[in-house]
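To keep things clear, I will list the structure first and then write my remarks on it.
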Amino acid sequence: MSTSQHPINRIGAYWKRIFGEKVYRVSIDGGFTCPNRDGSKGRGGCIYCDEVGYRPKYVEPELPVAEQVKKGIDYMKGKIGINKFIAYFQSYTNTYAPVEKLRKLYYEALSHPDVVGISISTRPDCVGEDVLDLIEEIAEKYHTWLEIGVESISDEHLKWMKRGHTIRDTEDAIKRIKQRKNIFVLGHLIFGLPDENIIETAKKVSEWGLDGVKMHHLYVVKNTVLAQEYKNGNIKVFETPDAYAKIAVKFLEHLSSDILIHRLAGYVNKEFLVAPLWTAQRNAAENIIERILKEKGSYQGKLRSTFEHIF
Ligand code: SF4
């Protein structure tokens, strides 16, 4: 059984245990770009990328980071009555800048008295040792997550998505992060890619010793290469949340129960969304995943054989 005595080892329950109350992320746009957009790795970005569509509506990127944090916290306190927050650098590649600039932005976000930690989202090829020195320094004082865009364990998929990095880059980044103290490492994954092996993926990310994962189904947002591919009939998506939930359950059953689940499915505001339309309904798939696990008497890690971390 998962450590939380719930079929899924959810991050919300973990944060409640260590902080004594509910903790939410507050999203920030630090004004970064991405090497897969500015030409150093590629132009145009990953085929599914429209970072504007992923950003919560309350985020105002033109404001200084400290003000974004304050506004985001005031908004969420008023809406849901939460008192503790993780500052979440979400948009684009949040380690892609000189380290002194990163230091200024990260500490600015952490200066709000209700912020108890930080989560930094980035690509596997943007975690140099100088960046890790800084994040390790922060992790000594604050609860710290480094979120890596793994997306797939297949180089063919990474190439198809025009990610501009290989699975070797991903493994190298995770290995180096795991050698640092106190940094929690999380992998973003996309499910629904052509010919994917979901059990292999669960096995691989468990062996890497990731501390967390964010699961996303493949979805299509406007103004992307993927939107054109979808229109041309070249890709399929999970037409229903039930279809995705079956795959997600299989993944969870083969995943180490130690790994904290930060997200079970993607969500996009309907104004940006092309397909599948259920992506704009919060918790559409989450509820089905939990129901299937309960009905089967199953849970995260149930079908996992013993293994050792490789890093
Ligand atoms: S790495 Fe992230 S920000 Fe950069 S193009 Fe891909 S999805 Fe967009």
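Search the stretch 91-127 for residues being part of a loop (DSSP other than H, G, I, E, B) and more than 16 Å from the ligand (Cβ to nearest atom), and hand back the single one that is most open to solvent (accessible area, probe 1.4 Å). Write out each step before concluding.
Of the stretch 91-127, the ones part of a loop (DSSP other than H, G, I, E, B) are 91-98, 111-114, 123, 127.
Of the ones still in play, those that are also more than 16 Å from the ligand (Cβ to nearest atom) are 98, 111-114.
Details: P98: 94, S111: 81, H112: 36, P113: 115, D114: 33 Å².
For the stretch 91-127, the residue satisfying everything is P113.
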Checking Y48 against (1) away from the ligand (no atom under 11 Å from the Cβ); (2) of a type in the set (F, W, Y); (3) open to solvent by 20 Å² or more (accessible area, probe 1.4 Å), which single condition isn't satisfied?
(1)
Among V131, V150, which is within 16 Å of the ligand (Cβ to nearest atom), among the β-branched types (V, I, T) and in contact with a His (Cβ under 7 Å, 6 or more places away or on another chain)?
V150
Listed by first then second residue, the pairs whose first member lies in the stretch 105-132 and is small (G, A, S), whose partner is away from the ligand (no atom under 16 Å from the Cβ) and open to solvent by 10 Å² or more (accessible area, probe 1.4 Å), with beta carbons under 6 Å and at least 6 positions apart or on separate chains, are G117/Y142; G117/H143
Give the residue that is farthest from I235 (Cα to Cα), with candidates limited to residues of the stretch 51-66 that are open to solvent by less than 20 Å² (accessible area, probe 1.4 Å) and either among the β-branched types (V, I, T) or at pLDDT 95 or above (or both).
V65
Does Y88 fit the bill of being open to solvent by less than 40 Å² (accessible area, probe 1.4 Å), modelled with pLDDT of 95 or more, aromatic (F, W, Y) and within 16 Å of the ligand (Cβ to nearest atom)?
yes
If I filter the stretch 67-74 for residues that are open to solvent by 30 Å² or more (accessible area, probe 1.4 Å), in contact with a Leu (Cβ under 8 Å, 6 or more places away or on another chain) and more than 12 Å from the ligand (Cβ to nearest atom), do I get at least one hit?
yes
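The values are calculated or read from the model by the stated rules, or taken from the named source; none is laboratory data. Given the structure is predicted, the values throughout are model-derived calculations rather than measurements. Cβ sites come from the backbone with ideal geometry, for glycine too, and all protein chains shown count toward neighbours. What goes into the accessible areas is simple: the full protein's heavy atoms, side chains included, and nothing from ligands, DNA or RNA. Shrake-Rupley method; radii C 1.70, N 1.55, O 1.52, S 1.80 Å.
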